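The values are calculated or read from the model by the stated rules, or taken from the named source; none is laboratory data. On a predicted model such as this, the values are computed, not experimentally measured, just so you know. Here the Cβ positions follow ideal geometry from the backbone for every residue, glycine too, while neighbour counts run over all protein chains shown. Each accessible area value is taken on the protein alone, full model and side chains, heavy atoms only, with ligands, DNA and RNA left out. Shrake-Rupley method; radii C 1.70, N 1.55, O 1.52, S 1.80 Å.
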Amino acid sequence: MKKWLYSGLARLGLFPKLILVMLVSIVLVSVLILWTTIHMSTNLFTETFSITNSKVLSQIKTNFDAFNDSIAAVTNNVAQSGAIRGFLSEGDGDSVTLSKSYYNMRETMKRVQSIIDFYEVGITIAGVNGRSYSTNPSYIQKTAEELKQEQITKEAAQSPSRLIFDDYQSKTNEGELQMISATKALTDRTRSRMYGTVYITMREEAFRQFYANFTSRGNDVVIMNEKGEIVSSNREDWIGTNQPELLSYAETIKENAPKNITARVMGQESIIISEYLPFYRFYLVNIVDKESAMGQLIDMKTVALICAAIVVAALLLVFLITNQMTKSLRRLVKQMSNITKSDLDNYIPVSGSYESRQLGHAYNYMLDELHDYVDQLVQTQREQRNAELAALQSQINPHFLYNTLASIKVLVQQGNKDRAAETINALIGLLQNTISDVSETVTVEKEIENLKNYVFINHVRYGGRIKAAFYVAPDCTHYHVPKLVIQPFIENAFFHGFIKKEMGTIHVMVSRAGESLICEIMDNGDGIEGLNMEGALPNPQNNRQLFSGIGIRNVHDRIELLYGSPYGVTIMSTVGEGTRVTVTLPLITA
């Protein structure tokens, strides 16, 4: 992966690299600034929130204390009322006495109820004599005997001086409701005898009035008992659930008194602040959803859009500046790249920044030096190639001359003077063409005539087992070709193409294709195994008689040097089927 990344970066130009570096730098700086801002804002928010919400919890606690005081006043009035005590402790009497007792008790309960009319509560009293009364029967729908068996009644009897708070589920006509109750045992002044119990009950939804004004989206309040059960909350879906983890956080705050705890609660990252309500034995817990609260503090969408706008504006500015700075350099590089197309006259205009101008001057100077060097090199190679060709021409194989002259002698001795004269004329023409100036070109017609002389001499020497056929397009006879371009391939075919096969034919065809002259030498001989450009070279050490050692590579290089890379020699061969050599030349008329 790293290697691929480095390779990809290495292929990029200067301008894309600068843009990429600037893009990464701007994005990193923007993200870093954004993260730092959010982090600092979060810390500031948490600190401020802790102070503010601690005061809010104190206010809520004050509301609960006020409610506790009101309930305490109610229980005291009930406990001090002789009418209520008589109603709950007297036995059955005549109906008049009973009616009078009931009336006095009810009037007293009305006065007591007025003390706490500000709150939506119901007051229920139950006596040891089995009598009970409720200011709102829908809150507690149980008889005195049933209430006597309740756990809360037993706890109140064990602690007659305490006001005990608890929660329970009440089945009413409206369904099952969550209720909050305060219970206190009623005893005589000596506290030696319990004559009844008072129950002050409130619906959970009314209980919320103490904190409802202090909640908002993402800022929730929970009232939790010492068992970890949520008694009341502005989040109704939390009511009645057991949250031992939240209880542990509340206990930690109670014992160690930290300002707040940050933890994951109810599936959300939250800030937790807690107060213990000793009269109620409840925990007052404030749970703030950090994500929601931070969303209200910081509009992430707006911040992201602003950052994106800044990044885009910065990149646009960087793009314009960088493009202007590198424009002249990129133009210089583009112009320099044309030198790969062999255009040594590709001088560039000097303009742009100081650095670009200096590079332009140096580049133009280099072209001047390179042009001179290439001219000298081409001239030297041309002279060297001509010298090599001249040297090869001067090294005519003496066996070829000896065998040719010996063949002529035999023809004379046999009295075949015409055949001997023909052979002598062919040898003279061949020698004249070979020994003359190597830089000359000859017409296709003349070259074919020399090739026929060469073939004729070989037929005289070795017989006619290898035939030769020449096909020249009429419109190609006047074109010129360099000397000794086709002859080496005829020679190769004669002495290397028919070693396994005893007989065969060599075809020489000259035609025109567009602006090129195509000379093809084809044989149906043995073919070449492991063909490459050197594969068809004649072996100078071979015992067979060769006319000259002019190699195929020499011919190809000579053509390419004279006329350029589009021209040269190509070879195709199939073992057992033959070889096809194609010589491509420009159309030369002089």
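Working only within region 309-319, note down all residues that are open to solvent by less than 50 Å² (accessible area, probe 1.4 Å) and within 14 Å of residue 29 (Cα to Cα). Can you show your working first?
At the first step, the residues of region 309-319 found to be open to solvent by less than 50 Å² (accessible area, probe 1.4 Å) are 311, 314-315, 318.
Those that are open to solvent by less than 50 Å² (accessible area, probe 1.4 Å) and within 14 Å of residue 29 (Cα to Cα): 311, 314, 315.
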Considering region 99-153 alone, what residues qualify as being over 21 Å from residue 69 (Cα atoms) and of a type in the set (A, V, I, L, M)? 105, 126, 128, 140, 144, 147
Would you please name the residue that is surrounded by the most Cβ atoms within 10 Å (Cβ to Cβ), looking only at residues in region 78-119 that are touching a residue at least 12 places away in the same chain (Cβ under 8 Å) and farther than 18 Å from residue 132 by Cβ? 116
Checking the structure you have, find out if any residue of region 361-384 is under 30 Å from residue 18 (Cβ atoms), at pLDDT below 75, open to solvent by less than 80 Å² (accessible area, probe 1.4 Å) and polar (S, T, N, Q). no
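Results for (1) out of contact with any Phe, Trp or Tyr (no Cβ under 7 Å at 6 or more places or on another chain); (2) in a helix (DSSP H, G or I); (3) charged (D, E, K, R); (4) at pLDDT 60 or above, shown as yes or no for each residue.
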residue	(1), (2), (3), (4)
9	yes, yes, no, no
20	yes, yes, no, yes
26	yes, yes, no, yes
30	yes, yes, no, yes
36	yes, yes, no, yes
49	yes, yes, no, yes
52	yes, yes, no, yes
55	yes, yes, yes, yes
61	yes, yes, yes, yes
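Are any residues in region 261-279 in contact (Cβ under 8 Å) with a residue 12 or more places away in the chain and open to solvent by 40 Å² or more (accessible area, probe 1.4 Å), and if so, which ones?
As a first pass, look at region 261-279 and keep what is in contact (Cβ under 8 Å) with a residue 12 or more places away in the chain: 261-263, 265-266, 268-277, 279.
Listed by number, the residues that qualify are 262, 266, 269, 275, 276, 279.
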How many residues does region 238-272 hold that are within 14 Å of residue 288 (Cα to Cα) and in a strand (DSSP E or B)? 10
Condition first: in contact (Cβ under 8 Å) with a residue 60 or more places away in the chain, among the aromatic types (Phe, Trp, Tyr) and on the phi < 0 side of the Ramachandran plot. Can you find one or more residues in region 137-155 that meet it? yes
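What number of residues within region 483-529 are of a type in the set (A, V, I, L, M) and in a strand (DSSP E or B)? Can you show your working first?
Going through region 483-529, the residues of a type in the set (A, V, I, L, M) turn out to be 484-486, 490, 493, 499, 503, 506, 508-510, 513, 517-518, 521-522, 528.
Narrowing the set further to residues that are in a strand (DSSP E or B) leaves 506, 508-510, 513, 517-518, 521-522.
So the answer is 9.
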Every residue in region 486-505 that is open to solvent by less than 20 Å² (accessible area, probe 1.4 Å) and among the acidic types (Asp, Glu), please. 491
Can you go through 213, 234, 225 and tell me which one is touching a helix residue (DSSP H, G or I) at 6+ places or on another chain (Cβ under 8 Å), closer than 30 Å to residue 75 by Cβ, surrounded by fewer than 20 Cβ atoms within 10 Å (Cβ to Cβ) and modelled with pLDDT of 80 or more? 234
